[in-house]
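Enquirer: Dropping a structure here in structure tokens format, bear with me for questions.
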Amino acid sequence: MSNNQYVLWINRLVIFAFTTYLVMSLQSCKSDRSNSEFVLRIRIADEPDCLHPVVSQSSLASQIEVLMMPPLFEYSPDKLEFSPILVDSLYAPAVSNDSTLEYSYHIHSQAVWDDGHPVTAADVLFTIKSSLNPCIKNKTYAGFFKNIREVRTDSSDPKSIRFLINRHYMLGMEMSGNYCIYPEHIYDPGSVMRSFELSDLLSKDSASWSTPQWQTLRQYADTYQSAAFCKDKITGCGPYRLSAWNAGQKIVLEKKKNWWGDSLVNRFPLLSSVPDRIEYWVIPEEATAILELKNNRIDLLSEVTPKVFTDLQKSEQGHLSFYTPALMQYMYIEMNQRRPALNELAVRQALSMLFDTDKFIRDQFNGLAMRCNSPVHPSKSYYNASLRPYEFNPGEAIRILTEAGWKDSDNNGVLDKVINNQKQELKFNFYLTNKELSKKIGLLLQEECKKAGIIIELVPREAAALMKDLNELSFDLALMSQRQQPSLWDPYQSFSSQNILPGGFNKSGYHDAVCDSLIQAVRSAIDERQRKDAYLALQQKLHDEVAQLFLFIPKERIVSNNLIRMEAYSRRPGYYEGMIRRQ
Amino acid sequence: MSLTSIFYRLTGAFVSLMILSLVLHWMIRQIPGSYDDFIRSEDPATVASGDAINKTLLPLFYFSVVPDFNTVQKEDPASLTIQDILPRFRWNASNNIFHRWLFNNSNSFRDGKSVSEKVTIALGWTLIIQLPALLLIIICGFTLAEWSLRTTKYKLAATVTQALTILHSMPAFWLANLLLIIFAGGLFAILPSSLVMSDVRSPFQLWIKAPQYLILPVLCILLPSLSVIYQLVRRQMILRMEEPFWARLIASGISKKTGFRRELRPLVLIPLAAWFASAIPMLITGSLIIENIFSIPGTGRLLYQSIAFRDWPVAHALILLAAFMTILGIAVADLIQWVLDPRLRRQNSEQRD
């Protein structure tokens, strides 16, 4: 054989060997779900920023953190009522004095951290103190705790804790234990935060601290919120521990062996931790995730687009399971009432009659959404069910506008009116995100408004840029989405006249004295009946005044394979990992 | 290629990168929104840190010459004096964004991780896909082009040309989904669709533990690009074959196969080197579409996310890296051409004489 032939044969051999290797490796493509342990695989579109409850800012992070660092108590996903986790039971608060309520808890005697240290009241106090450190970047927790008056621990019983909380604040119960608890001896081995009094952390501003104190706080905060604590060192007393976090790939939680909470599951359902492992796989593309689900390589995916969801329902019925709980979130159009035209009730009412919400839900959401008439979720006991939506009625909208004096005086196709000696035309910009769904809402409103003599200019923006424009109040209309919490709804941020300054949370600028007094009544009511009455009246007021143009509550679209059995809930993310079982 | 020209090249590259970095910093300031704004867009109730915003308010460079208005002056232009609006030299020392992001190993706004760590991990994933794809593009393109000229099955060769052109005109997104449906979906389901499911920690373990996960992404990069090399090599070879030396070679009794190997291949390598150089930045920037569809945590996805999240230190590092690789690619192409083309070397030595 010549040299050339040798080379040829070697080439053929290499190609044959490589092909054989590839073909053999294809065997492992098939799902290899072992029966010995229950591994729950959930698709996530993106990974969280970090796993550190005080530092992290994404809802996905909260979802994972709570499995490792449970709070004292949490809203049960089905009834949306508080249910104990780390404490023996929940009692009604005692009235300490005219302005203070006292909440007392006893932490389970069995509750221990991974290293065997007991979970104590000192850990709870440490959690609050470290969150209140003024050098912590994320101020969300600091704002949350500001109505705490005092936290009392008992040296003779380290498992007992008492909170004294401002009586005139409606979220007192949440403040007393509805947050992840940190182990003090791991996150603060030098007991740095013990040298600071809770009262000082609650009351002092940055200028009031001495230089050495400030430096200590700064140094502690730098370590506490460092990247190392955000990813590698997360530890808690929950049923799962972080087993792996491969950047951009997956997050794996592993059930702890002989976990203390297993013996208490019958009495405390939120201690349930059925899966032996929970794996969150980062699969950004929906089509790929669906393929993986069909091939049983993942068990569960949520936030499926409505069209794909209904297609799957038709084609995969029997092979996959489908869930559509109503999410605790609503979509609405914010109307900047600092603009003279939008300050008129008639214009706001007309706009709400020019958007065909039912048609939109039917055509674009495939029916997977429900109308909303108020910022309160319909599952809440204080939801005002008597509110009737503004039906799509262009004729009535034109009539209302004509009655209010809006007419096309210069025949340019746009309604106008003189307000405060200035001619105002019904021309609005409409800020929205550049997502497909947002654009469709914009186009539908634009089309109907044009027929009625209102010009809408669509301004699609990226999410971050949109928020900047909202903060600068450069918008007329803006499409927004608001997440709701299982806790009592606090209307102060979005609707109080005290929040209308630039940078405040009341972006619409809506203000009304009656509304303010109702907000005050909601926040300070001690009697639940009084609070409910105030809530109902407030919703009626917001609806009548069209404070926001309420659109719809999207239904969550969850698909699972038939290897698992689960319940769907309206509480985000729509399922509870610890309670998912194997078929 | 003299030492002087190498020196000029290096200096030019350094200055270009510095200017690009400054332009990038300026652009970052013009783009609305910050990381905190993005977080608030998900949950308006979040009380933002302000940290991400403050970092971009540092001076751009080691010195400034533009007027430095403070907020009060901006709100009340009447209080401005002539001195306020005249350019003034200020020395900012290392307290500037350029220095911090380039030399202080800055951290991501999003998760506080070191930028270099994030970029290195993502780069590993991108290279593991792009590098074999690039090599296959060259090998397959070259082989197919040569075969199409040697074969007597003209119809088959024409069909191959047609098929490659169709693949080239197909959008990457469409092709990827098509391959997924055929090979990972209900039709055959013999290949995995998502690279993350390979369950390997490092990208380099993929070759050993789970090479099947590479097949579809590599195919998606390979198939549309194959036509470029195929056409390039084919055109160059046809041009050479029209020259008198080829007729003389064949007339001398040498086989067509040997003629291709000994004479035509080296000549085609020169334009191919130029294409290879232009493809080098692709190794770094990756392909967002392919990385999204096959769940590859590579640089394309990282760049997209860092821009969407306004995570500027990461975006800045990736763009600079891509620019550096472009400059490097051009230099490598010149070097390869200089080595392969004796005319260039001769020209050089004549100029020196």
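The values are calculated or read from the model by the stated rules, or taken from the named source; none is laboratory data. Source: prediction; values computed, not measured. Here the Cβ positions follow ideal geometry from the backbone for every residue, glycine too, while neighbour counts run over all protein chains shown. Protein only, heavy atoms only, side chains kept; ligands, DNA and RNA dropped before computing areas. Shrake-Rupley method; radii C 1.70, N 1.55, O 1.52, S 1.80 Å.
Enquirer: Which helices, counted as full DSSP H runs in chain A, have an axial Cα extent of no less than 20 Å and a Kyte-Doolittle average of 0.0 or above?
Expert: Values: long enough: A:3-26 (35 Å, 0.91); A:436-452 (25 Å, -0.40); A:528-544 (24 Å, -1.61).
Answer set is A:3-26.
Enquirer: Taking just the C-alpha trace of the protein assembly as shown, give me its Rg and Dmax in Å.
Expert: Every Cα atom of the protein assembly as shown included, Rg and Dmax give 32.6, 112 Å.
Enquirer: Another question about this same structure. Report residue B:23's accessible area, 1.4 Å probe, all protein chains in place, as a number in Å² to the nearest 10.
Expert: Its accessible surface works out to 70 Å², give or take rounding.
Enquirer: Please report the antiparallel percentage of DSSP beta bridges with both residues in the protein assembly as shown, rounded to the nearest 5.
Expert: Numbers: 63 of 80 bridges.
Bridges in the protein assembly as shown that DSSP calls antiparallel: roughly 80 percent.
Enquirer: Given the C-alpha centroids of the stretch A:490-555 and the stretch A:241-278, what is the distance between them in whole angstrom?
Expert: 39
Enquirer: Take the alpha carbon atoms of the stretch A:297-322, find their center, do the same for the stretch A:98-113, and report the distance between the two centers in whole angstrom.
Expert: The two parts, judged by their Cα centres, are 43 Å apart.
Enquirer: When the dipole is taken about the Cα centre of the stretch A:230-355, and only Lys, Arg (+1) and Asp, Glu (-1) are charged at their Cβ, what size is it in debye, to the nearest 20? Mind dumping the intermediate values first?
Expert: Values: 16 positive and 14 negative charges, 85 e Å.
About 400 debye.
Enquirer: Let me ask something additional. Pull out the extension gain between residue B:252 and residue B:89, defined as 0.36 nm times the separation in residues minus the alpha carbon to alpha carbon distance; nm, one decimal.
Expert: Extra length available between residue B:252 and residue B:89 comes to 51.2 nm.
Enquirer: Among all the aspartates and glutamates, which ones have a C-alpha under 17 Å from residue A:307's C-alpha, if same-chain residues fewer than 8 places away are not counted?
Expert: A:285, A:286, A:316, A:358, A:363, A:436, A:556
Enquirer: Taking 7 Å along the Cα-to-C-beta vector as the label spot, tell me the residue A:156-residue A:528 distance in nanometres, rounded to one decimal.
Expert: Simple spin-label model gives 3.4 nm for this pair.
Enquirer: Separation of the stretch A:383-417 and the stretch B:179-200 by C-alpha centroid, Å?
Expert: 54
Enquirer: Related question: Going down the list A:137/B:118; A:380/A:435; A:129/A:257; A:435/A:555, which pairs span over 20 Å between their C-alpha atoms?
Expert: Details: A:137/B:118 22 Å; A:380/A:435 30 Å; A:129/A:257 31 Å; A:435/A:555 18 Å.
From the list (A:137/B:118; A:380/A:435; A:129/A:257; A:435/A:555), the Cα-Cα distance tops 20 Å for A:137/B:118; A:380/A:435; A:129/A:257.
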